[in-house]
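Reviewing the structure listed below.
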């Protein structure tokens with residue numbers, strides 16, 4: 001299979017550690033709504049220890065996430081909003097990965113979505129995450145942005161996304177992300 005026809009492998013990273021997280025539900029929904037030629041796998045950041053800057057061996061959980069990122073064509077973040085910013089768990093994972101060689105965000109396509117129980121849908125956390133991705137030299141997909149506010153009313157008891165307006169914007173985001181990935185692949189050829 002030629003590189004041009006190979007499906008795009010997207011690594012999903014959820015910034016919430018909660019097993020029944022609305023962000024995890026939204027990440028799974030995005031995977032279901034991806035166009036043909038995109039595949040989502042979801043990585044865990046649950047076992048990554050706190051980064052403290054002390055010289056030490058890279059933990060196995062960080063090495064595993066780094067390998068998953070290096071193998072992926074793009075990253076899809078689902079970022080909750082805690083105290084007006086991204087979760088500490090997500091920032092911690094990014095801090096660890098930024099110390100890995102090669103730094104896995106550089107030149108990588110990144111898309112962001114967020115889900116919150118409040119009305120703004122995580123806009124402030126996305127803004128901060130976008131700033132961090134600039135520092136990491138990632139190619140961040142810009143529009144459409146996906147902010148899922150009042151998420152508790154948009155998923156059923158099994159965690160399936162039931163809100164049609166949200167399904168539509170997620171579908172549009174994934175189609176646009178697919179175009180960015182295709183453009184970056186063509187530029188690398």
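The values are calculated or read from the model by the stated rules, or taken from the named source; none is laboratory data. Remember, predicted model here, so these are calculated numbers, not experimental data. Cβ coordinates were reconstructed from backbone atoms using ideal geometry, including for glycine residues, and neighbour counts include every protein chain displayed.
Please go through the stretch 65-82 and give me each residue that is in a helix (DSSP H, G or I), touching a strand residue (DSSP E or B) at 6+ places or on another chain (Cβ under 9 Å) and surrounded by 13 or more Cβ atoms within 10 Å (Cβ to Cβ), ordered by number. Full working, then the answer.
Keep residues of the stretch 65-82 that are in a helix (DSSP H, G or I), which gives 65-71.
This time we only want the ones that are touching a strand residue (DSSP E or B) at 6+ places or on another chain (Cβ under 9 Å), so: 65, 68-69, 71.
Within the stretch 65-82, 65, 68, 69 meet the criteria.
Name the residue, out of 137, 158, that is on the phi > 0 side of the Ramachandran plot and either outside any helix (DSSP H, G or I) or surrounded by 14 or more Cβ atoms within 10 Å (Cβ to Cβ) (or both).
On the way: 158 fails: on the phi > 0 side of the Ramachandran plot.
Only one candidate passes the filter, namely 137.
With respect to residue 62, is the statement that it is touching a residue at least 24 places away in the same chain (Cβ under 8 Å) and in contact with a strand residue (DSSP E or B) (Cβ under 9 Å, 6 or more places away or on another chain) true?
Working: touching a residue at least 24 places away in the same chain (Cβ under 8 Å): yes; in contact with a strand residue (DSSP E or B) (Cβ under 9 Å, 6 or more places away or on another chain): no.
Answer is no for this residue.
Looking at residue 52 and the list (1) over 26 Å from residue 183 (Cβ atoms); (2) surrounded by 15 or more Cβ atoms within 10 Å (Cβ to Cβ), which single condition is not satisfied?
Tallying (1) over 26 Å from residue 183 (Cβ atoms); (2) surrounded by 15 or more Cβ atoms within 10 Å (Cβ to Cβ), residue 52 fails exactly one: (2).
Can you tell me how many residues in the stretch 97-116 are under 14 Å from the mean Cα position of the chain (by Cα) and either assigned to a strand (DSSP E or B) or over 18 Å from residue 69 (Cβ atoms) (or both)?
7
Assess whether residue 47 counts as being part of a loop (DSSP other than H, G, I, E, B) and at pLDDT 95 or above.
Working: part of a loop (DSSP other than H, G, I, E, B): yes; at pLDDT 95 or above: yes.
Here the answer is yes, as residue 47 does meet what is asked.
Restricting the search to the stretch 3-23, which residues are more than 14 Å from residue 89 (Cα to Cα), surrounded by 16 or more Cβ atoms within 10 Å (Cβ to Cβ) and out of contact with any helix residue (DSSP H, G or I) (no Cβ under 6 Å at 6 or more places or on another chain)?
Passing the criteria: only 10.
Could you list, in sequence order, all residues of the stretch 161-177 that are buried (at least 21 other Cβ atoms within 10 Å of the Cβ) and in a helix (DSSP H, G or I)? Even if it seems obvious, please write down each step before you answer.
As a first pass, look at the stretch 161-177 and keep what is buried (at least 21 other Cβ atoms within 10 Å of the Cβ): 161, 166, 170, 173-174, 177.
The answer is 166, 170, 173, 174, 177.
Of everything in the stretch 117-133, what is part of a loop (DSSP other than H, G, I, E, B) and either free of Cβ contacts under 8 Å to residues at least 24 places away in the same chain or in contact with a helix residue (DSSP H, G or I) (Cβ under 6 Å, 6 or more places away or on another chain) (or both)? Give them in sequence order.
Of the stretch 117-133, the ones part of a loop (DSSP other than H, G, I, E, B) are 117-122.
Once the filter is applied, which keeps residues that are part of a loop (DSSP other than H, G, I, E, B) and either free of Cβ contacts under 8 Å to residues at least 24 places away in the same chain or in contact with a helix residue (DSSP H, G or I) (Cβ under 6 Å, 6 or more places away or on another chain) (or both), the stretch 117-133 yields only 117.
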